[in-house]
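Read the structure below first, then the notes.
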Amino acid sequence: MRVMLKFKIPVDRGNETAEDGSLGRAIDDVTARVGAEAAYFFVEDGMRAGILIFEAAHGQDIMHINETLFQAVDAEIDVTPVLTLDELHKGFD
């Protein structure tokens, strides 16, 4: 199942972890662990944010990823199943 994981990091925690270097390590770890096919980073609602697109074989995979971001940077996380345009078209056939 392809999923989109969107996260936002509170400003104070983001500043703290950016300064000590753990923010970059946490993002690198999660991005590598999921084998992200796409990763985008931006500012949303005044907070550091990102979107990762990846394949998740099992629901528990998502739990482990969420826990990494919760514990490392106090992230807010939304996980949504997503389809490519080709997959969407196949669903209509």
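The values are calculated or read from the model by the stated rules, or taken from the named source; none is laboratory data. Note that the structure is predicted; figures quoted are calculated from it, not measured. Cβ placement follows ideal geometry from the backbone for every residue including glycine, while neighbour counts extend to all protein chains displayed. The area values use the complete protein model at the heavy-atom level, side chains included, leaving out ligands, DNA and RNA. Shrake-Rupley method; radii C 1.70, N 1.55, O 1.52, S 1.80 Å.
If we keep just the residues of the stretch 1-10 that are open to solvent by 50 Å² or more (accessible area, probe 1.4 Å) and more than 14 Å from PHE70 (Cα to Cα), which is nearest to the chain's Cα centre (by Cα)?
Filtering first and then ranking leaves MET4.
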* Unique match (being within 18 Å of ASP78 (Cβ to Cβ), among the β-branched types (Val, Ile, Thr), open to solvent by 50 Å² or more (accessible area, probe 1.4 Å) and not in a loop (DSSP other than H, G, I, E, B)) among VAL30, VAL43 -> VAL43
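Could you pull out the residue among ALA38, ALA49, ALA18 that is under 14 Å from the mean Cα position of the chain (by Cα) and surrounded by 14 or more Cβ atoms within 10 Å (Cβ to Cβ)?
ALA49
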